[in-house]
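Following: one structure in structure tokens, then a few remarks.
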Amino acid sequence: MFMPETKALSLEELDAVFSVSTRRHALYQLRQVPIWIKKHVLRQKNVQEQPPLYEVAEEDKTYGPTAAAA
């Protein structure tokens, strides 16, 4: 649950995943639990999502952690 998913990722995407610490991945996933409960168990419509842990610039395919992960 707290480890990053790496299945079917390109080398650039893997680099972005592993540039973020495991601790930060775990904290991110822990913050996802109440969001998931609100969306899927309580069926609330206006649930604020977290910013993504990594970003992908599609125009030049550069990968890196977002400001939230830094």
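The values are calculated or read from the model by the stated rules, or taken from the named source; none is laboratory data. Small disclaimer: the values here were computed from a predicted structure and weren't measured. Every residue, glycine among them, receives a Cβ derived from its backbone with ideal geometry; neighbour counts consider all protein chains shown. We work out accessible area using only protein heavy atoms, side chains counted, and drop any ligands, DNA or RNA first. Shrake-Rupley method; radii C 1.70, N 1.55, O 1.52, S 1.80 Å.
Taking Lys and Arg as +1 and Asp and Glu as -1, the other residues whose beta-carbon sits under 13 Å from that of residue 28 total +1.
Evaluating 6.51 cos²θ - 1.76 cosθ + 1.60 at θ = phi - 60° for every residue in segment 44-55, the Karplus couplings come out as 7, 8, 9, 9, 6, 7, 6, x, x, 6, 10, 10 Hz, glycine and proline recorded as x. Here's how it looks for residue 55: its modeled amide H is under 5 Å from those of 64, 66, which are all 5 or more places away or on a different chain. Remark on residue 19: its backbone amide H falls under 5 Å from none of the residues 5 or more positions apart or on other chains, H modelled at 1.01 Å from N. Counting Lys and Arg as +1 and Asp and Glu as -1 over every other residue whose Cβ lies under 10 Å from the Cβ of residue 45, the net charge comes to +3.
Between residue 18 and residue 39, what FRET efficiency follows from the Cβ-Cβ distance if R0 is 35 Å, with the result rounded to 0.05? Can you show the working numbers first?
Details: r = 28 Å, r/R0 = 0.81.
Efficiency for this residue pair is about 0.80.
Estimated at the nearest 10 Å², the accessible area of residue 49 is 90 Å² with a 1.4 Å probe.
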